[in-house]
Each structure stands twice: as C-alpha cells, then as structure tokens.
Amino acid sequence: YLNNYLDPKLLGTVCTQRLQYFADKGFQSGAMSNETLESFDNIARMIQLLPKMTSKTLIVNQDVLTIGDPDELNEEQIGVFHQCINALKPWKKGPLCLFGTHIDTEWRSDFKWKRLQASLPNLKDKVICDLGCGNGYFMYRMLEYSPKLVLGVDPNLHAWLEFTLFHRISGVENIKFEYMRGDVMASFPGMFDVVFCLGVLYHTSDPITMLKDIHKSMKAKSTLIVDCQGIPGDDDIALFPKKRYTNMKGVYFLPTLNTLKNWLQRANFRCVEVIFKEELSTDEQRSTEWAPVRSLEESLDPVDNRKTIEGYPRALRFYVKCVK
C-alpha cells in the first residue's frame with residue numbers, strides 16, 4: 001500500500017526498518033523471553049485459525065467498537081476465538097464487543113474520543129497517522145469520517161496482535177499497522193494530512209526530535225493532535241522521574257502545559273490550541289476483568305491521591321491541536 005505514497009528509495013528504507021525492528025525486539029537479540037515469544041506465537045496461530053472475513057456487523061460510531069456477530073463462527077471457531085481473546089489479556093484500549101463478547105478494557109478510550117471529536121479537522125478522504133495507535137481502537141473510530149487511509153505506528157507486539165485480530169475479522173482494508181518506533185515518521189515525508197499523537201510524548205527520551213520527525217511526515221497546513229500526560233504549574237519545566245511514574249517504566253519527560261507548547265513551537269508547529277486540560281480519572285483508567293493489572297488507583301499514594309505512589313504530582317492530561 002505504501003507504493004502509492006513513497007518513492008522506491010524511501011519504500012526500501014521502510015521495509016528495511018520493518019525487518020530490523022522485528023529482529024531488535026527479540027527475534028535475534030533476546031529482548032523478549034522465550035516464554036513471551038511462545039505465547040505471542042500461539043496467539044498468532046489462533047488468529048490464523050479464525051476465518052478471514054468481512055464481518056456482518058461493524059459499528060464504529062458508538063462508544064463500544066463492535067465487530068462481528070456470534071453466528072458468524074461455528075462451534076469450533078468460537079472455542080478458538082475465546083481462547084485467543086483470553087490469551088490477549090490484559091486488554092488496554094476499548095471498550096470492545098467482538099462476536100458478542102463484551103471486553104471491558106483498562107482504558108475507557110471512548111472518553112478521550114468524545115473530547116477530541118468536537119475539535120477534529122476534516123478527515124474525509126484524508127491520509128491519517130495514529131502514532132502510538134495501540135490495538136487500533138481510535139483508528140476504527142476514525143472510519144466514521146471516511147478517511148482514505150489510516151496508518152497506525154506502534155512498537156508494541158501485543159497491540160499488533162490485537163489489531164491483527166480486528167483486521168482479520170472486520171475486512172477493513174484502509175487501516176494499516178506498522179510495527180515500528182516513532183522514528184519511522186521521518187521516512188514518510190509529506191505523507192499525512194492529519195497526525196494523532198496520543199499518549200506517546202512522555203514515553204520518548206527525546207520529545208523534540210519526535211515532534212520534528214512528525215512535522216517532516218506532514219503535508220503543508222496539516223493538523224497535529226497531541227495528548228500528553230503532564231504536571232500542574234505554569235513554569236517552563238518538565239518532571240523527569242528517577243525510575244518509574246505511576247508504576248510505569250519508560251516515562252521520561254512530563255511537561256507543564258506551557259512546556260508542551262514550547263516543545264511544539266520549537267518543532268515549528270503553529271496555532272497551538274488547548275482542547276482539554278484535566279486530572280486523569282480512575283473512571284477512565286482502571287483494572288477490570290479483562291485487564292487484571294495495577295492500574296491508576298493502585299499507582300496513587302493511598303494517603304494523598306494528589307500524588308503518585310512514588311511521591312510525584314498526579315498527572316494531568318493535556319490535549320492540544322496545532323498546524324504545520
């Protein structure tokens with residue numbers, strides 16, 4: 001599909017990056033344990049046992065992303081399907097209903113989508129990137145607006161497997177997933193009309209470079225929508241946790257809102273508009289049957305929930321919209 005968007009040299013670069021990333025993530029370097037790799041391999045086999053179909057039911061304009069009716073699978077396939085979705089726990093983004101099974105995910109991603117909808121640019125016939133797409137919940141929600149292509153980029157193999165399940169049973173062909181890091185954005189020069197960067201910036205050790213790579217990937221006058229965790233205050237500063245933040249590894253810079261604006265301006269974005277600013281709620285992120293994890297409530301100070309369990313300020317969510 002990228003033949004329609006990239007010149008042959010850049011296409012070759014992306015293909016090389018694809019192969020290298022699979023190798024770097026454990027297939028050669030040992031970054032994943034054998035147990036994890038065997039588990040993922042087993043899930044992939046179960047997905048392949050399910051029929052590739054265009055499901056009779058695909059609902060993308062409601063809170064619950066719904067794919068498939070129970071009567072579309074025979075008894076044996078239903079058994080494989082239930083083994084597969086149980087093996088894919090914890091489910092992060094949703095809510096979902098797959099072949100009649102409701103999956104209450106850790107994140108109520110529909111809350112975020114409702115906040116963003118009022119500020120969405122025109123998505124009809126547009127080429128869109130969802131950087132840090134997870135399992136693709138937001139990409140499917142974008143289908144309501146008839147985009148030309150939605151490309152998700154995420155370096156999470158678990159999320160890729162969930163997306164692969166959605167893709168196999170939905171029959172949707174204008175949504176794609178690239179299992180790569182955010183630095184691949186520099187290999188898509190001038191490709192995107194709209195980029196969503198939701199819940200990503202605080203997970204990178206170099207947010208300015210990531211924003212510059214995003215800027216390079218966008219067409220002139222295109223739109224970027226950012227969701228970033230941050231800290232209270234008006235100073236031009238960012239929190240850099242010593243090890244973890246709300247029990248999470250891989251958290252680097254948590255900016256104030258002013259600092260986030262500064263990052264965007266230094267990456268040459270303009271017309272920065274704040275869409276939303278509020279404390280992250282335990283109604284939006286919580287442990288469930290389908291996500292039996294230590295979630296937000298378990299990661300706050302039990303005496304003072306204005307602080308994390310590590311003693312840092314509790315996170316705010318900043319949603320901003322800007323233009324190249």
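Within segment 199-222, how many residues turn out to be in contact (Cβ under 8 Å) with a residue 60 or more places away in the chain and open to solvent by less than 10 Å² (accessible area, probe 1.4 Å)?
Number of matching residues: 5.
Out of everything in segment 133-167 that is modelled with pLDDT of 95 or more and over 20 Å from ILE67 (Cβ atoms), what residue ends up being surrounded by the most Cβ atoms within 10 Å (Cβ to Cβ)?
For segment 133-167, the residue satisfying everything is VAL153.
Against the condition of a type in the set (Lys, Arg) and at pLDDT 95 or above, how does LYS52 come out, does it pass?
So LYS52 fits the description; yes.
Just give me the residues in segment 295-318 being outside any strand (DSSP E or B), out of contact with any Lys or Arg (no Cβ under 7 Å at 6 or more places or on another chain) and touching a residue at least 24 places away in the same chain (Cβ under 8 Å), in sequence order.
Result: GLU298, SER299, ILE309, TYR312, ALA315.
Let me spell it out: the conditions are (1) crowded, with 19+ Cβ neighbours inside 10 Å; (2) out of contact with any His (no Cβ under 6 Å at 6 or more places or on another chain), and ALA267 meets all of them except one. Which number is the exception?
Status for ALA267: all satisfied but (2).
Can you tell me which residues in segment 265-294 are in contact (Cβ under 8 Å) with a residue 40 or more places away in the chain and over 20 Å from the mean Cα position of the chain (by Cα)?
Once the filter is applied, which keeps residues that are in contact (Cβ under 8 Å) with a residue 40 or more places away in the chain and over 20 Å from the mean Cα position of the chain (by Cα), segment 265-294 yields ARG266, ALA267, ASN268, PHE269, ARG270, CYS271, VAL272, GLU273, VAL274, GLU289.
Of the conditions (1) more than 19 Å from SER295 (Cβ to Cβ); (2) among the charged types (D, E, K, R); (3) in a strand (DSSP E or B), ASP236 fails just one. Which one is it?
All conditions are met except number (3).
Restricting attention to segment 283-311, which residues are surrounded by fewer than 16 Cβ atoms within 10 Å (Cβ to Cβ) and over 23 Å from LYS243 (Cβ atoms)?
If the condition is that a residue be surrounded by fewer than 16 Cβ atoms within 10 Å (Cβ to Cβ) and over 23 Å from LYS243 (Cβ atoms), then ASP283, GLU289, PRO292 are the ones that fit.
Report, by residue number, each residue of segment 229-254 that is touching a residue at least 60 places away in the same chain (Cβ under 8 Å) and either surrounded by 16 or more Cβ atoms within 10 Å (Cβ to Cβ) or under 21 Å from the mean Cα position of the chain (by Cα) (or both).
Scanning segment 229-254 gives GLN229, GLY230, ILE231, LEU239, PRO241, ARG244, TYR245, THR246, ASN247, LEU254.
Hey, among the residues in segment 168-190 that are in a helix (DSSP H, G or I) and open to solvent by 40 Å² or more (accessible area, probe 1.4 Å), which one's nearest to LYS52 (Cα to Cα)?
Of everything passing the filter in segment 168-190, ARG168 is nearest to LYS52 (Cα to Cα).
What's the number of the only condition in (1) surrounded by 18 or more Cβ atoms within 10 Å (Cβ to Cβ); (2) without any contact (Cβ under 8 Å) to a residue 60 or more places away in the chain; (3) within 18 Å of ILE47 (Cβ to Cβ) that SER109 fails to meet?
For SER109, the exception is condition (3).
Quick check on my filter: what residues within segment 191-233 are outside any strand (DSSP E or B) and basic (Lys, Arg)? Steps first, answer last, please.
Restricting attention to segment 191-233, the residues satisfying the condition of being outside any strand (DSSP E or B) are 191, 199-217, 231-233.
If the condition is that a residue be outside any strand (DSSP E or B) and basic (Lys, Arg), then LYS212, LYS216 are the ones that fit.
Only residues that are open to solvent by 40 Å² or more (accessible area, probe 1.4 Å), among the aliphatic types (A, V, I, L, M) and under 12 Å from CYS97 (Cα atoms): list them for segment 46-83, please.
Passing the criteria: LEU58, ILE59, VAL64.
The values are calculated or read from the model by the stated rules, or taken from the named source; none is laboratory data. Everything numeric in this text was worked out from a predicted model, so none of it was measured. All Cβ positions, glycine included, derive from the backbone under ideal geometry; neighbour counts span all protein chains shown. For accessibility, only protein heavy atoms count, side chains too; no ligands or nucleic acids. Shrake-Rupley method; radii C 1.70, N 1.55, O 1.52, S 1.80 Å.
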